[in-house]
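Colleague: Dropping a structure here in structure tokens format, bear with me for questions.
The values are calculated or read from the model by the stated rules, or taken from the named source; none is laboratory data. All figures in this text were calculated on a predicted structure; none of them were measured in a lab. In this analysis, Cβ positions are derived from the backbone assuming ideal geometry, glycine residues included, and neighbour counts consider all displayed protein chains.
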Amino acid sequence: MTSDPRINSLMDQANQNFLKKRYREAIRFYDEILSTNPTNLNVLNNIGYAQSKLKEYQKAIEFYDKALSIDPNDMSVLLNKISSLRKLGEYKSALDYCEKILSENPDYNLVLYHKERILFSLGKYEESILCCDNILNDYPTNADVLYDKSCNLAMLQRVQESLDSLEKAIHSGMQFKIKAKNSKSFERLRKDPRFLELTS
């Protein structure tokens with residue numbers, strides 16, 4: 001918060017709208033703050049994040065880039081930019097950012113999470129599994145990562161390992177049954193008795 005009550009009020013209104021998923025309205029309030037303080041890093045990041053929630057990833061990246069021109073090492077902005085790049089399918093750029101961060105902090109799990117998903121999208125399943133395993137060393141019951149690992153293993157036709165990982169994911173969250181049923185990663189397993197049992 002600042003010492004300016006008007007800016008604080010605008011920030012409160014923006015954040016309240018954001019929390020209520022009224023992203024365009026939140027952006028309107030954030031824009032008002034920028035008209036007074038165009039280098040407010042948090043506001044630039046928040047606008048980018050709101051744009052990404054609207055699936056306006058290119059616009060989001062423009063705001064992240066403005067924020068990074070102020071502080072090129074702001075981790076929150078970097079992570080948000082990686083996410084938007086990944087969702088745009090700009091995997092090479094997203095992976096470059098991941099590698100830069102991981103070169104200084106190889107166990108940064110949030111970055112590893114983005115990296116494993118990017119590698120999966122690039123068809124680099126073995127490398128993606130290594131990232132998953134690295135995260136699972138710290139968080140062995142992380143259902144999202146267990147599910148992602150299962151998808152990678154399925155793509156490599158390592159069926160039993162895939163189903164073992166899927167079973168752990170489903171044990172942590174029933175939504176993974178539905179995800180697995182609808183995922184192309186498990187196309188070859190649709191008639192496998194254990195897969196059918198896990199997803200029924």
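Colleague: Considering only residues that are of a type in the set (Gly, Ala, Ser) and surrounded by fewer than 21 Cβ atoms within 10 Å (Cβ to Cβ), which ones fall in region 37-82?
Modeller: The first filter runs over region 37-82 and keeps only residues of a type in the set (Gly, Ala, Ser), leaving 48, 50, 52, 60, 67, 69, 76.
Once the filter is applied, which keeps residues that are of a type in the set (Gly, Ala, Ser) and surrounded by fewer than 21 Cβ atoms within 10 Å (Cβ to Cβ), region 37-82 yields Ser69, Ser76.
Colleague: Only one of these conditions is not met by Leu68: (1) closer than 15 Å to Met11 by Cα; (2) at pLDDT 95 or above; (3) over 18 Å from the mean Cα position of the chain (by Cα). Which number is it?
Modeller: It fails just one condition, (1).
Colleague: Just name the residue that is farthest from Tyr139 (Cα to Cα) out of those in region 160-194 that are under 22 Å from the mean Cα position of the chain (by Cα) and not in a helix (DSSP H, G or I).
Modeller: Only one residue tops the list, namely Ser183.
Colleague: Further, regarding this structure: Say we look at region 82-99 and pick out the residues that are hydroxyl-bearing (Ser, Thr, Tyr) and closer than 16 Å to Phe63 by Cα; which of these is farthest from the chain's Cα centre (by Cα)?
Modeller: Step one: list which residues in region 82-99 are hydroxyl-bearing (Ser, Thr, Tyr), which gives 83-84, 91, 93, 97.
Among the residues that remain, those that are also closer than 16 Å to Phe63 by Cα are: 83-84.
Working: Ser83: 5, Ser84: 8 Å.
Selected residue: Ser84.
Colleague: May I pose another question? Does any residue in region 168-185 that is hydroxyl-bearing (Ser, Thr, Tyr) come within less than 6 Å, Cβ to Cβ, of a residue that is in a helix (DSSP H, G or I) six or more places away or on a different chain, and which pairs are these?
Modeller: Ser172/Ala143; Ser185/Cys151; Ser185/Ala154; Ser185/Met155
Colleague: List the number of the failed condition for Phe18; all other conditions in (1) surrounded by 17 or more Cβ atoms within 10 Å (Cβ to Cβ); (2) touching a Lys or Arg at 6+ places or on another chain (Cβ under 9 Å); (3) over 24 Å from Leu79 (Cα atoms) hold.
Modeller: Checking Phe18 against (1) surrounded by 17 or more Cβ atoms within 10 Å (Cβ to Cβ); (2) touching a Lys or Arg at 6+ places or on another chain (Cβ under 9 Å); (3) over 24 Å from Leu79 (Cα atoms), the one that fails is (3).
Colleague: For region 68-82, check the following and say yes or no: at least one residue is acidic (Asp, Glu), assigned to a helix (DSSP H, G or I) and farther than 24 Å from Ser150 by Cα.
Modeller: Residues of region 68-82 acidic (Asp, Glu): 71, 74.
When the remaining residues are screened for being assigned to a helix (DSSP H, G or I), the result is none.
Within region 68-82, none of the residues are acidic (Asp, Glu), assigned to a helix (DSSP H, G or I) and farther than 24 Å from Ser150 by Cα.
Colleague: Go through region 1-66 and tell me which helices (runs of 4 or more DSSP H), entirely inside it, have 1 or more residues that are aliphatic (A, V, I, L, M), farther than 18 Å from Ser84 by Cα and touching an Asp or Glu at 6+ places or on another chain (Cβ under 9 Å).
Modeller: Working: elements: 5-19, 23-36, 41-53.
Once the helices (runs of 4 or more DSSP H) in region 1-66 are filtered for at least 1 residues that are aliphatic (A, V, I, L, M), farther than 18 Å from Ser84 by Cα and touching an Asp or Glu at 6+ places or on another chain (Cβ under 9 Å), what remains is 5-19.
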